[in-house]
């Protein structure tokens with residue numbers, strides 16, 4: 001579920017917590033966020049659309065992700081020196097690590113060379129609109145989950 005405008009004031013990212021920036025108009029990305037909301041029982045992950053102000057600030061600090069239009073996982077938020085932005089398959093592997101439990105087993109995919117992992121990620125990313133649709137607007141998150149979405 002993607003973040004959209006709400007009556008709530010914009011929220012700042014929590015220091016140190018992982019924030020997933022995602023394409024708010026992508027059907028696959030929105031399904032992924034809904035899945036992560038269910039799986040992240042600790043509620044550690046936060047979410048923000050790539051089209052928002054928060055993502056623009058991240059891109060300002062990490063120019064290497066400026067052209068990324070799928071997923072960016074920002075870790076160690078709030079400490080500019082220690083903050084890092086992960087993309088493509090590295091972001092997916094880090095998400096599995098944050099979920100813990102059986103999802104940590106996905107870490108074995110880290111043994112596959114990044115160039116191959118990113119190639120597979122890229123194939124899906126390039127065809128995501130054709131396969132999963134492009135939304136006309138970002139849907140609002142469920143009321144009980146809005147605190148996990150940032151602007």
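Classify the stretch 75-125: rounded, prolate or oblate, from the alpha-carbon gyration tensor (a ≥ b ≥ c, eigenvalue square roots; a/c under 1.5 rounded; otherwise prolate if a/b is larger than b/c)? Taking the square roots of the gyration eigenvalues as a ≥ b ≥ c, the stretch 75-125 is oblate. Helix content alone sets the calculated 222 nm mean residue ellipticity of the chain: runs of n ≥ 4 DSSP H residues at -39500 (n - 2.57) each, divided across all residues, give -10000 deg cm²/dmol. Using a cutoff of 8 angstrom between alpha carbon atoms and counting only pairs six or more residues apart, the relative contact order for the chain works out to 38 percent. Once you reduce the stretch 101-151 and the stretch 36-56 to the center of their Cα atoms, the two points are 11 Å from each other. Look at the Cα gyration tensor of the stretch 19-135: its axes a ≥ b ≥ c give a/c under 1.5, and that counts as rounded.
Computed from the coordinates by the stated procedures, all read-outs in this text should not be read as laboratory data. This structure is a prediction, so every number in the text was calculated from the model and none was measured.
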